[in-house]
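All remarks here apply to the structure that follows.
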Amino acid sequence: MNTLSMLLWVALPYAGIAVFVVGHIWRYRYDKFGWTTRSSQTYENRLLRWGSPMFHFGILCVLVGHAVGLLVPREWLYAIGIDEHMYHIGATVLGTAAAILTLAGLAILIYRRRTVGPVFLATTPMDKVMYVFLGLTLVFGTLATFIYQLFGPGYEYRATIGPWVRSILLLQPRPDLMTGAPLMFQLHALTATLLFILWPFTRLVHVFSAPVQYLFRPYIVYRSRDEHRSGARATRRGWDPVSAPDPQRLRRP
């Protein structure tokens, strides 16, 4: 195994995992006020109303599909009755639809951010870098699906890329599994790794900001201030009218 393969398929993934974890901890401890998407809905809503749901729903389906395809061994799917043909149809058809939906939503969001003046002014340099790597990751993954899965001979990534991902997570890296993978799959994996390195320092941190604590917070009790309700205290004004000054007091002695 040469040095380049060790750098690309062992050192870089572990560096990405370390930066991803430590970076989020650091960002949460020292930049809580920056832990936000910096919403620009008040600047423009028409394009956002279309682009945001398309992107978020599509990327959610893409992430679920990657989790199943890369983290779940084939034998586990066989055990619950999902054979190779069923998986291929689901991964190809649903995966392609999710990828197209995600790319369309991302294109709308980038067009909005570039053409709407206030939104463009609110765009930071890190936002631009994030969009580049996010777009490249999606494009390379979609091209790999089209070239090899839809219109090509097919590529069994669950026998190579999937075991490689699991070997990294199990601290038993096998870079040899990626050296023979097609170029588009390699580029997809590399840009995804770089995106994970950038993740903690971008607006993507809002992914981990689900309001789970709302499920466990105590109830908020509201009391009525209806004046006609028995026992209710009368509403008091917060100000008093100002009258004209007394002329007698304004006279000099």
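The values are calculated or read from the model by the stated rules, or taken from the named source; none is laboratory data. Just so you know, these numbers come straight off a predicted model, no measurement behind them. Cβ sites come from the backbone with ideal geometry, for glycine too, and all protein chains shown count toward neighbours. Calculation scope for accessible area: heavy atoms of the full protein, side chains included, ligands and nucleic acids excluded. Shrake-Rupley method; radii C 1.70, N 1.55, O 1.52, S 1.80 Å.
Of the residues Phe133, Phe208, Phe146, the single one that is over 25 Å from Gly16 (Cβ atoms) and not hydroxyl-bearing (Ser, Thr, Tyr) is Phe146. Of all the numbered requirements in (1) surrounded by 13 or more Cβ atoms within 10 Å (Cβ to Cβ); (2) at pLDDT 90 or above; (3) basic (Lys, Arg), Arg49 misses one, and that requirement is (1). Before we move on, is Thr3 more than 20 Å from Pro200 (Cβ to Cβ), at pLDDT below 95 and out of contact with any strand residue (DSSP E or B) (no Cβ under 6 Å at 6 or more places or on another chain)? Yes: the conditions hold for Thr3. Counting residues in the stretch 32-39 that are in contact with an Asp or Glu (Cβ under 9 Å, 6 or more places away or on another chain), touching a residue at least 12 places away in the same chain (Cβ under 8 Å) and either more than 17 Å from Ile110 (Cβ to Cβ) or open to solvent by 40 Å² or more (accessible area, probe 1.4 Å) (or both) gives one or more. Restricting the search to helices (runs of 4 or more DSSP H) fully inside the stretch 1-115 and requiring at least 1 residues that are under 17 Å from the mean Cα position of the chain (by Cα) gives 12-30, 46-66, 95-115.
Among all residues of the stretch 84-96, there is none that is open to solvent by 80 Å² or more (accessible area, probe 1.4 Å) and modelled with pLDDT of 90 or more. Taking each residue of the stretch 157-172 that is within 16 Å of Gln186 (Cα to Cα) and looking for partners that are in a helix (DSSP H, G or I) and open to solvent by 40 Å² or more (accessible area, probe 1.4 Å) with beta-carbon atoms closer than 6 Å, six or more apart or interchain, yields Arg158/Arg74.
Restricting attention to the stretch 180-236, and to residues there that are among the small types (Gly, Ala, Ser) and at pLDDT 95 or above, which single residue is nearest to the chain's Cα centre (by Cα)? Ranking the candidates gives Ala192 first. Taking the stretch 106-120 as the range and being open to solvent by 40 Å² or more (accessible area, probe 1.4 Å) and among the basic types (Lys, Arg) as the test, only Arg114 passes. Does Thr123 satisfy being in a helix (DSSP H, G or I) and either at pLDDT below 95 or open to solvent by less than 40 Å² (accessible area, probe 1.4 Å) (or both)? For Thr123, the condition - in a helix (DSSP H, G or I) and either at pLDDT below 95 or open to solvent by less than 40 Å² (accessible area, probe 1.4 Å) (or both) - is not met. Scanning the stretch 149-164 for residues that are of a type outside the set (Phe, Trp, Tyr) and either touching a strand residue (DSSP E or B) at 6+ places or on another chain (Cβ under 7 Å) or under 22 Å from Leu94 (Cα atoms) (or both) gives Gln149, Leu150, Gly152, Pro153, Gly154, Glu156, Arg158, Ala159, Thr160, Ile161, Gly162.
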